[in-house]
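Notes follow the structure.
The values are calculated or read from the model by the stated rules, or taken from the named source; none is laboratory data. Remember, predicted model here, so these are calculated numbers, not experimental data. Note that each Cβ is placed from the backbone with ideal geometry, even for glycine, and that neighbours are counted across all protein chains shown.
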């Protein structure tokens, strides 16, 4: 199904060297990186609600269809000389990020979700980290199946997890926002459990992802045993004060457990991003664009102006990744004099991506 990664990325060694120097803040490292993603909003993968995931044969049927779709996307971006190294990760919608603890996943065509299971607070005492949980088993099977099929082609695997706060929201639902005020001690108990749950699940996934019989030279490119990538989506709906109390301490414990961490957040949560900058062991902060919100490049401009003591081109400062358009890259590229920035661009097709790359390479790179 997949060819060797150099078929899709002929300039692989040049790209790897460039990206490594950038993340290490090595002398002569490029000022910024560019990731392009053509056709991802145009082509649609297999419809999740057309599979019966309670049956193992259906899980594998879906995974085969999904991997065929990923191979199609790789073929489209073949030869693009940006800084993205092709990868494949599992996709079952957002339901999988909490179902390994409790709950059944409900599937729509494009994503999935779970209903809250902590309808009363006493139910927290009944939650268990159980390796016989059906979704824990299915997700382990899915990861192993993908790894076995992409590793011979030296294609790296990539995946992320909920933050403790995001997992707490998935298990409790919207009531958690009132719990912040009415029963903060119970919320802290829930967050302790969620932190333990993520460490448990991510460690179990790592045993599969980094199994010695499937390792290759790029196995640690998008994932590594000493780092974890998490979403902080729910922080967008919290005050900075509430995130500081209920989010930051537990995300910090997660990063300490693994070594360092990458944070995914949204432009709607611009007010909380300074709290991420205050965390230790942050490798990267990714700001994705929300409709009708301040553009990530504008948020980045404000952050650089307001937090020069934290944001710099030094290796101790986190890399800042932002969604951007071609025009925004032109207009805001000079921000890369003060910070290490990754510009991420979604394009309609590969030809448009090539134009973005050509323009980007013409900008001052050191």
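What do you reckon, is residue 270 within 21 Å of residue 319 (Cα to Cα), surrounded by fewer than 19 Cβ atoms within 10 Å (Cβ to Cβ) and touching a helix residue (DSSP H, G or I) at 6+ places or on another chain (Cβ under 8 Å)?
Details: within 21 Å of residue 319 (Cα to Cα): yes; surrounded by fewer than 19 Cβ atoms within 10 Å (Cβ to Cβ): no; touching a helix residue (DSSP H, G or I) at 6+ places or on another chain (Cβ under 8 Å): yes.
Against the criterion (within 21 Å of residue 319 (Cα to Cα), surrounded by fewer than 19 Cβ atoms within 10 Å (Cβ to Cβ) and touching a helix residue (DSSP H, G or I) at 6+ places or on another chain (Cβ under 8 Å)), residue 270 does not qualify.
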Tell me whether the stretch 129-140 contains one or more residues that are surrounded by fewer than 17 Cβ atoms within 10 Å (Cβ to Cβ), assigned to a loop (DSSP other than H, G, I, E, B), without any contact (Cβ under 8 Å) to a residue 24 or more places away in the chain and at negative phi. yes
Do any helices (runs of 4 or more DSSP H) lying entirely in the stretch 266-366 carry at least 2 residues that are more than 22 Å from the chain's Cα centre (by Cα), and which ones are they? 296-306, 326-332, 350-362
Residues in the stretch 5-20: is at least one within 29 Å of residue 313 (Cα to Cα) and in contact with a strand residue (DSSP E or B) (Cβ under 9 Å, 6 or more places away or on another chain)? yes
Looking at the stretch 155-172, which of the residues that are in contact with a strand residue (DSSP E or B) (Cβ under 7 Å, 6 or more places away or on another chain) and either more than 16 Å from residue 239 (Cα to Cα) or without any contact (Cβ under 8 Å) to a residue 60 or more places away in the chain (or both) is surrounded by the fewest Cβ atoms within 10 Å (Cβ to Cβ)? 160
Note on the stretch 212-252: residues in a helix (DSSP H, G or I) and without any contact (Cβ under 8 Å) to a residue 60 or more places away in the chain are 212, 213, 236, 240, 241, 244, 248, 249, 252
Looking at the stretch 12-29, which of its residues are touching a helix residue (DSSP H, G or I) at 6+ places or on another chain (Cβ under 9 Å), outside any helix (DSSP H, G or I) and surrounded by fewer than 18 Cβ atoms within 10 Å (Cβ to Cβ)? 26, 27, 28
Take the conditions touching a strand residue (DSSP E or B) at 6+ places or on another chain (Cβ under 8 Å), in a helix (DSSP H, G or I) and under 26 Å from residue 348 (Cβ atoms) and apply them to residue 40. Does it pass? no
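Rundown of residues vs (1) at pLDDT below 95; (2) within 18 Å of residue 269 (Cα to Cα); (3) surrounded by fewer than 16 Cβ atoms within 10 Å (Cβ to Cβ), yes/no style:
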| residue | (1), (2), (3) |
| --- | --- |
| 174 | no, yes, yes |
| 181 | no, no, yes |
| 187 | no, no, no |
| 203 | no, no, yes |
| 212 | no, no, yes |
| 221 | no, no, no |
| 226 | no, no, yes |
| 232 | no, yes, no |
Pairs, first on the phi > 0 side of the Ramachandran plot and at pLDDT 95 or above in the stretch 76-105, second assigned to a strand (DSSP E or B) and surrounded by fewer than 23 Cβ atoms within 10 Å (Cβ to Cβ), C-beta under 6 Å, six or more apart: 93/112; 103/114
The correct count of residues that are under 21 Å from the mean Cα position of the chain (by Cα), more than 18 Å from residue 63 (Cβ to Cβ) and buried (at least 19 other Cβ atoms within 10 Å of the Cβ) in the stretch 98-125 is 3
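Taking the stretch 25-43, which residues are in contact (Cβ under 8 Å) with a residue 12 or more places away in the chain and over 20 Å from the mean Cα position of the chain (by Cα)? Outline the logic, then answer.
As a first pass, look at the stretch 25-43 and keep what is in contact (Cβ under 8 Å) with a residue 12 or more places away in the chain: 25, 28-43.
Within the stretch 25-43, 25, 28, 29, 30, 31, 42, 43 meet the criteria.
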